[in-house]
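These notes are about the structure you will find just below.
The values are calculated or read from the model by the stated rules, or taken from the named source; none is laboratory data. Just so you know, these numbers come straight off a predicted model, no measurement behind them. No Cβ is skipped: glycine too gets one built from the backbone with ideal geometry, and neighbour counts run over all protein chains shown. Protein only, heavy atoms only, side chains kept; ligands, DNA and RNA dropped before computing areas. Shrake-Rupley method; radii C 1.70, N 1.55, O 1.52, S 1.80 Å.
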There are 4 protein chains.
Amino acid sequence: MKEPFNDDVIGRARVKDTPELEAYYKELETLGAGALWTVANDIEPWEPRTSSVPMLWKYENLRELVLKSSELVTPEQAGRRVVYLVNDKRKDVSAAVGWLYTGIQVTRPGESTSAHRHKASALRFIMEGSGGYTVVDGNKIMLEVNDFVITPNSTWHEHGVEENGKTCIWQDGLDIPLVNALEANDYAVFDGKQPLEAPLNYSPLTYGGAGLIPADKVWDKPYSPLFKYSWKSVYPALLEAAKVNEGSPYDGIIMDYTNPLTGGPVMQTMGASMQLLRAGEHTKAHKHTGSIVYQCAKGHGYSVIGGKRYDWKERDIFCVPSWVYHEHVNLSETEDACLFSFNDLPVIKSLGLYQEKAYLENNGYQKIN
Amino acid sequence: MKEPFNDDVIGRARVKDTPELEAYYKELETLGAGALWTVANDIEPWEPRTSSVPMLWKYENLRELVLKSSELVTPEQAGRRVVYLVNDKRKDVSAAVGWLYTGIQVTRPGESTSAHRHKASALRFIMEGSGGYTVVDGNKIMLEVNDFVITPNSTWHEHGVEENGKTCIWQDGLDIPLVNALEANDYAVFDGKQPLEAPLNYSPLTYGGAGLIPADKVWDKPYSPLFKYSWKSVYPALLEAAKVNEGSPYDGIIMDYTNPLTGGPVMQTMGASMQLLRAGEHTKAHKHTGSIVYQCAKGHGYSVIGGKRYDWKERDIFCVPSWVYHEHVNLSETEDACLFSFNDLPVIKSLGLYQEKAYLENNGYQKIN
Amino acid sequence: MKEPFNDDVIGRARVKDTPELEAYYKELETLGAGALWTVANDIEPWEPRTSSVPMLWKYENLRELVLKSSELVTPEQAGRRVVYLVNDKRKDVSAAVGWLYTGIQVTRPGESTSAHRHKASALRFIMEGSGGYTVVDGNKIMLEVNDFVITPNSTWHEHGVEENGKTCIWQDGLDIPLVNALEANDYAVFDGKQPLEAPLNYSPLTYGGAGLIPADKVWDKPYSPLFKYSWKSVYPALLEAAKVNEGSPYDGIIMDYTNPLTGGPVMQTMGASMQLLRAGEHTKAHKHTGSIVYQCAKGHGYSVIGGKRYDWKERDIFCVPSWVYHEHVNLSETEDACLFSFNDLPVIKSLGLYQEKAYLENNGYQKIN
Amino acid sequence: MKEPFNDDVIGRARVKDTPELEAYYKELETLGAGALWTVANDIEPWEPRTSSVPMLWKYENLRELVLKSSELVTPEQAGRRVVYLVNDKRKDVSAAVGWLYTGIQVTRPGESTSAHRHKASALRFIMEGSGGYTVVDGNKIMLEVNDFVITPNSTWHEHGVEENGKTCIWQDGLDIPLVNALEANDYAVFDGKQPLEAPLNYSPLTYGGAGLIPADKVWDKPYSPLFKYSWKSVYPALLEAAKVNEGSPYDGIIMDYTNPLTGGPVMQTMGASMQLLRAGEHTKAHKHTGSIVYQCAKGHGYSVIGGKRYDWKERDIFCVPSWVYHEHVNLSETEDACLFSFNDLPVIKSLGLYQEKAYLENNGYQKIN
C-alpha cells in the first residue's frame, strides 16, 4: 500500500547525510545515544502501523491435527494440550495478531489439567463436545458449545471434561504476548488439587440475571463476577435486539460481553463480543486501532480484510490487525450468521489510543484485490 | 422507647437556665441567632432518629376505593388518577415513609394520561391488568403484572392502557418529598402528544441481555438505559440464585435492580429490589439508615417492624422507617414469597450516611409487642 | 412574587370538590390514604421552591454577644460555646438556610473542647485570633485568620486555643439539619483525650503541594486528605488566576476548595469556595438549586438577593436560598473583596438536582425593591 | 542470574522430542499453527522478565554533543533537534528502557519549532537555560530549570526560546515505543503557526493553587489541566513533607505529579515523580513491574540497580528496567539530593499488572557486584 503522506515537509526530519554528520552519529553511538532525526520519521508514522497480516485458519484443516495432539501428548506432559495459531509476521511473540494469542485446546472425557495462574488473562470459547468445565478460583462452571468463559489475571484455573462427557475442543484467547511485552507476566503452579469454594455454577447462577445484582454481595475485583456467558441466553438476546435495532453499519447487531458491575469489558486487558449478521447482510468497511480475533459461531460468509476476501464457516478463526479496513458478509439469504470475537480494545481505549475511520470510497465497500 | 444514652456527660450540653442566660437568649433572638447549647442535644441525637412510623396498607381495603376513583374523576381532570398512601407522621409532606411517596394508580382500557416531566424520579410496580404501557422519552414499553419500570428524573413520561387491555393498577414510587425538601423540584407539561422515538419495547429488547451491552451504543444519562425489568426474567433469576446461595440473613435471596452500565441503582435517588423468602423462611432482624416501601409480589407472611407484627399477602404495601429493626417471615411451608421494595438508599449511601446494625438479642428475632 | 405558571391546563390537577368526592376523601383518610389530585399541584411545583428567606447577620452586632458567651458558660457545660444563626423561616430545624447550619464559636486561650464525632460533617472558617487549632482524627492543625478547615463525617474532632494564643472566633458550618432530615445523624463522645497520631500540621504539610500527591500514601476515605486550606496560599492563587481569567459573570474569580485526589468537593455533603470580586466588580444575577452561606473575608460591598440589597463588610455572614436570584458588588474602586462560602451543592449535584438560570432582564442586574 | 524456578514440574511443558512429534510440528507449521508446549515455558515465565538493561548517561559526556547538534542541523531540517538515549538492548525500538523513549533537546535563543501532534504523549524536564517555552494547544507556558511540563496525547505543541533567553536544554520523555508497539501512533503537522488561545501561562496560573479548582471551569480531557509543575513550588513542597513524614523506605520523600481533577497521573500512559533523598539517606532495595527513567535534579549520589552501582550527579540520566532491584543513595552528608523520574506505571497499573517485591536479604541492601 502506497504511503499517502509526504515526509518532505516542515515538521518532519529532512536532514541529508554529510561526512561531518556521519562522524557525529558514530560519536553519539559510543555514548548510548543517537540523533533523533535519523529515526524520527520511522518511529513517528503518519498513521497507525501494524506488523501483523490478516489470516484465516480453516477449522476443517486444523481439527484433525488438534485431535491428534491428544494421542501424542498427555495433559501432564504438555501443561495444556493446545495447538496455537500464529500470525506469519508475529512468530517471534507467538501472537495470532498484534499482542493477542489464540489456540485450540482439546480435552478428552475424564481428563483434567492441573491448576495454575498467571498475570496474563485468558478466555475460552467452546467449539465442540459436552461435559466440559472450567474451575476459576474454586468455582466450577459447566460449559456448552458457543459458551464464553473467562479466567482473569491471577485467578487459579484448570479445565477438564467429565467422564461421561464428549471430547471438548475450545478456543483459548490470552494476552500473553502483551503481558510479556509489558514485562509483567508471571506463573505459578497450584500446589495440589484446587478445592471447590462454591456450589457448581455459582457465578452464572448468581450474577446471570439481566440488570440484577445480589444486594448482599461485595465484589472488589477488577474483572466481571460473571464468569460464563451462555449461548442459550446470548443468542436470544441478539435476536431480541435485532427486532428493534438497525445495528452498526460495520458490525450488524453486536453486543459486548460486559462486567455487570461496570458496563465495561469483562477483563482489564481483553474485551469480547458476539455479533449477528442478518440473512444477506453486508456491512460497510471501517478500520480502527486495536486487534481482533474472530471465530464463526454460526452460519457462513466472508470478510474483506485489507482488500482481500476471507471465506469462513462455523468454527473457522480469523483475525483483523490494527488499522486495517474490514467488512463482513453473511452469505446466506435465509439464516443469520454469528461471529464471536475477542480483542485488546480495553487496552487501546483505557490508554487513550482508540481511533476509527470509515471507508468512504465505493459506497463503503472495499474493492477486492 | 427509652433513650439508652445519657446527656449528663462531658461533650453534651448541660447548661442550666438562669435569669442572666434567659436575657441573653432573648437578645440573641432579636439578631436572628440562638445559643447552640439550648438545642444541641436535640439536633445531635445519639442515634439516627426517624419521624415516620411503620405502616401497612391492606390491598383488600384499598382496591375498591382505588377503582372507584376511576368513576369519580377522569385522568384529564386529575392529572393522574392516584390514591396515595400517607404515613401517619408524614402527612405534612405527603410521604409514605421518610421522604418517599407512594400511590396506587388506576387506568382503564383506552385511557391515557398526558405527558409531563419533573425533577422528581418515579418508578412503577404493576399490580393488576393487561395491556398497560408507559412511554419514557419517546420509548413505549408494555407492562405486565410484577414488572418494574422506571421514569427517571426529567424524562417525559405518560401511561395508558390499550383499548383491548384490562384495567391496570400499579404502584407508583416517587422521591417527590425529598426533591421538594431539597428545594429542587420542577414540573413541565408536554406540549401535545409525545411522539414515539423508538420501536415498541426498544429499551428492554436492547439492554435486557444479561451481561450484554450493545457495542455501538453510547449512553451518557445518569440512570439505567434498561427501563423495564420483567417479572418473567426476574423471578427465574431469583430461583437460580436460590440454588447456590444461602442468601442474606436479613433478606433471604435479594437482588437489586441495577443499571447494567454501572452495577449501581437504577436512578440516582431511588433504588429497588426484589427478594425471595423461601418456604418457611424467617429472617433475622437488623436496622439501617434509609427508608423502604414494600409490596408483596407473591405469597403471604408477615414482617416484624419495630417490635410489632404486620401480616401481608399479595399486593399489600408496607413501610420500614430509617433505623427501625425489621425481619421478614414467609408463612407458607411449601411456596416461596416475594417482596418488591424501593428505597432511598442511593441517597443515603452516596452521601456517606449508611450504617447498619444487627439485632443481637434473642438469637436475632425481635420480641413482638 | 406572582407565580408565573397556570394550573388550569391539561396535565395539572383540576378537580372541583363535590359532596361525593368529599365523602370519598374521608373514606380514604381512614385507610391512611388520600387522593393525589388534592395535593398534586402543591407537591409538584412548576419551579424549585425554597422555604428559606435571604438573611444577613452583621458581625458588629453579634461579636459582643458571641464574646459574652465565654463569660456565661464554659466549654464543659456547653459542649461547644456557639451562637448559631437561624433563618427566620427555618427555626424548626435550626438552619441558617435550607438544610445548612452555621454558628459562631468562641474559644479563649488555654481552653479546649472534648472530642466527639457525628455523621454530620463540619467545616470552620477562622474569623479572629491566633493560636487556634483543630484536632481531626489525631491530626492537630494550627489555624490562622481566613483559613478553612474540615472535620468530616465521623472523624473525631476537638478544638482549642494555645495558652499563649489570642481568643479565637470562627464560623462553623454543618449539615446537621440535612443529616437529621435524612434520619441518619448520630453522636459519640470520645472516651478520654484524643491522642495525637501524626506530627503537628501533618495533613497540610503532606497534601498541600499543588498537583502533588505522596507516591507512597494510600487514602480510601470519601473526603479530602487535605484538612486545611491556608489563606496564605488561597489568596495568592486567586490573584494569580485573576491575571489570566475573566472569571465567572456571576461570581468573579471563584475557586472551589477541592479534594486533591478527586477534584471534587472536600466532603460528600458540603462544598466550599472562595471568590474574589475585583475592584468595582458588579456581577450579573443568576439563580440555581442549592443553598449557600457566605462570609465576607476581605473588603466590603453588597449583594442583591431576591431583589433586595444586603450590605456586607469583613466578617458579616449572609445566605442565599435555593432558586433565588443573586448578584454581588464590590464597593471599593481600588481594593478587591473576597467572599468565603459553603453550600450543599455536592448533595444537589450528586443527586442530579442541579439547575441554573441566568437573570435575563435589565442586562442581568436585578431591580432593587 | 540463575533462574530459581524449575520447569520439571506438573503444570509446565515437559514434552521430549520424538520423530513423530517433529513431523507433527512441521505439519502444524504449514497451517500457520504450532504446538503450545514447544513454546509455553518460554512465553510463560515464572517471574516478570525484562529485555532492557540498566544504563546511565553522564551529562558531562553528552552535553557537548547535544550543543553541537545545534551547529549541525536546524530545527527546520531536524523536525526537533534531539539527541536520544537508547538502551543497549532496545535499539530496535529506540527506547531508553522498556517502551519509554527519552532524548535531550537543545534550542537556541530565537529558535522555535513548528507545531505538530501525535497519539504518543510527551513530557519535558528543563535542564538548562532561560526564556524557554512550550505551546500546548494554544497555551504558551514559560519554563525554568527543573520545571516539569506535559504535552499530552494529540495536543498541538511546539517549543522555543525567546530572543533574549539563553540556550535551553531539556529532557524529553515520550511513550513513542509503546504507542508504536500498540500500533496506534499517528502524526500531524500544524498548518501554519499555532495561534495563542489563552494568556501567557494561563494553565499554571489557573490550576496551580493547591486544592483549588476554578468553580466555573469544565474540563473533559483525560489528562491534567495543569500543564506545568514549577520547581519553585515542587521543591518547597518536598521540604514541607519531609518535616512530618518518614518517607518511603525505597524512595525517601517522593511525590507524584498528579492531575488535580483526579489525583491520578498527569497523562494516561506516563507518570512522573520528584523525590528527595535526605542528607546521607540510603534507601532499601525493591523491584516492581514498570520501567523508570531518572534525571538527577539536585545533588549527587548513586543507585544500585540489579546489583551494580551507578553514580550520578545533577543532570545525569539513568534507567531502571521492570522487575530489577534498585536502591538510591545520597552521598552528601549535608545537602539533600533530588531525582526527577518518569515511568509507564499508569499503563502497568491500569491494566492490573503492577506487582512489587522488597529485597529481603542483607537488611534490604543489595550486594554490589
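Tabulated data
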quantity	calculated
Considering residues of the range A:71-92 that are crowded, with 18+ Cβ neighbours inside 10 Å and more than 8 Å from chain D (Cβ to nearest Cβ) only, the residue farthest from residue D:17 (Cα to Cα)	A:90
Count of residues meeting criterion [closer than 17 Å to residue B:151 by Cβ and at the interface with chain A (Cβ under 8 Å from one of its Cβ atoms)] in the range B:218-257	4
Residues (open to solvent by 10 Å² or more (accessible area, probe 1.4 Å) and either in contact (Cβ under 8 Å) with a residue 40 or more places away in the chain or farther than 20 Å from residue B:280 by Cβ (or both)) located in the range B:330-341	B:332, B:333, B:334, B:335, B:336
Scope the range D:213-252; condition over 17 Å from residue C:233 (Cβ atoms), assigned to a loop (DSSP other than H, G, I, E, B) and among the polar types (S, T, N, Q); matching residues	D:224, D:245
Residues of the range C:193-205 satisfying the condition of being surrounded by 20 or more Cβ atoms within 10 Å (Cβ to Cβ) and hydrophobic (A, V, I, L, M, F, W, C)	C:205
Sole exception among (1) open to solvent by 10 Å² or more (accessible area, probe 1.4 Å); (2) closer than 30 Å to residue A:180 by Cα; (3) touching a Phe, Trp or Tyr at 6+ places or on another chain (Cβ under 6 Å); (4) not small (Gly, Ala, Ser) for residue D:311, by number	(2)
Qualifying residue in the range A:314-328 (condition: touching a Leu at 6+ places or on another chain (Cβ under 9 Å), open to solvent by 10 Å² or more (accessible area, probe 1.4 Å) and not in a loop (DSSP other than H, G, I, E, B))	no
Count of the range C:121-145 residues which are on the phi < 0 side of the Ramachandran plot and part of a loop (DSSP other than H, G, I, E, B)	3
Residue B:68, sole failed condition from (1) buried (at least 22 other Cβ atoms within 10 Å of the Cβ); (2) among the charged types (D, E, K, R); (3) outside any strand (DSSP E or B)	(1)
Which numbered condition residue B:49 misses (of (1) among the basic types (Lys, Arg); (2) within 30 Å of residue C:102 (Cβ to Cβ); (3) crowded, with 23+ Cβ neighbours inside 10 Å)	(3)
Residues satisfying the stated conditions in the range A:342-361, i.e. out of contact with any Leu (no Cβ under 9 Å at 6 or more places or on another chain), surrounded by fewer than 22 Cβ atoms within 10 Å (Cβ to Cβ) and not in a loop (DSSP other than H, G, I, E, B)	A:349, A:356, A:357, A:358, A:361
Test: residue in the range D:146-162 that is touching a helix residue (DSSP H, G or I) at 6+ places or on another chain (Cβ under 7 Å), more than 28 Å from residue D:314 (Cβ to Cβ) and either within 14 Å of another protein chain (Cβ to nearest Cβ) or not in a loop (DSSP other than H, G, I, E, B) (or both)	no
Some residue of the range D:60-73 being of a type in the set (Val, Ile, Thr) and under 23 Å from residue A:27 (Cα atoms)	yes
Which listed residue is out of contact with any Pro (no Cβ under 9 Å at 6 or more places or on another chain), hydrophobic (A, V, I, L, M, F, W, C) and under 21 Å from residue D:181 (Cβ atoms), from A:304, A:324, A:347	A:347
Number of positions in the range D:1-46 that are surrounded by fewer than 17 Cβ atoms within 10 Å (Cβ to Cβ), of a type in the set (Ser, Thr, Tyr) and assigned to a helix (DSSP H, G or I)	2
Extreme residue, nearest to residue B:250 (Cα to Cα), among residues of the range A:206-234 that are surrounded by 18 or more Cβ atoms within 10 Å (Cβ to Cβ) and of a type in the set (Phe, Trp, Tyr)	A:207
Residue among C:211, C:165 that alone is touching a helix residue (DSSP H, G or I) at 6+ places or on another chain (Cβ under 9 Å) and either over 30 Å from residue B:354 (Cα atoms) or at the interface with chain D (Cβ under 9 Å from one of its Cβ atoms) (or both)	C:211
Hits in the range D:212-232 - residues which are under 28 Å from the mean Cα position of the chain (by Cα) and among the aliphatic types (A, V, I, L, M)	D:212, D:213, D:226
Residue count, the range C:289-303 (criterion: open to solvent by 10 Å² or more (accessible area, probe 1.4 Å) and in a strand (DSSP E or B))	4
Selection within the range A:276-289 - more than 8 Å from every other protein chain (Cβ to nearest Cβ) and not acidic (Asp, Glu)	A:276, A:277, A:278, A:279, A:280, A:282, A:283, A:284, A:285, A:286, A:287, A:288
Residue that is farthest from the other protein chains (Cβ to nearest Cβ), among those in the range D:93-120 that are part of a strand (DSSP E or B) and more than 25 Å from residue D:222 (Cβ to Cβ)	D:107
Test: residue in the range D:299-309 that is over 12 Å from the mean Cα position of the chain (by Cα) and of a type in the set (Ser, Thr, Tyr)	yes
Residue in the range A:23-35 that is in contact with a strand residue (DSSP E or B) (Cβ under 9 Å, 6 or more places away or on another chain) and more than 7 Å from chain D (Cβ to nearest Cβ) present	yes
Subset of the range D:163-192 that is in a loop (DSSP other than H, G, I, E, B) and of a type in the set (D, E, K, R) - its residue that is surrounded by the fewest Cβ atoms within 10 Å (Cβ to Cβ)	D:191
Residue match in the range C:31-47 (condition: over 16 Å from residue C:318 (Cα atoms), within 20 Å of the chain's Cα centre (by Cα) and modelled with pLDDT of 95 or more)	no
The one condition in (1) within 11 Å of chain A (Cβ to nearest Cβ); (2) within 18 Å of the chain's Cα centre (by Cα); (3) surrounded by 23 or more Cβ atoms within 10 Å (Cβ to Cβ); (4) more than 18 Å from residue B:139 (Cα to Cα) that residue B:264 fails to fulfil	(3)
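Yes or no, residue by residue, for (1) more than 14 Å from chain A (Cβ to nearest Cβ); (2) under 26 Å from residue D:267 (Cα atoms):
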site	(1), (2)
D:303	yes, no
D:312	yes, no
D:329	yes, no
D:338	yes, yes
D:341	yes, yes
D:344	no, yes
D:348	no, yes
D:351	no, yes
D:357	no, yes
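To keep it simple, each residue is scored yes or no on (1) among the acidic types (Asp, Glu); (2) modelled with pLDDT under 95.
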{"site": "D:84", "(1), (2)": "no, no"}
{"site": "D:88", "(1), (2)": "yes, no"}
{"site": "D:97", "(1), (2)": "no, no"}
{"site": "D:115", "(1), (2)": "no, yes"}
{"site": "D:123", "(1), (2)": "no, no"}
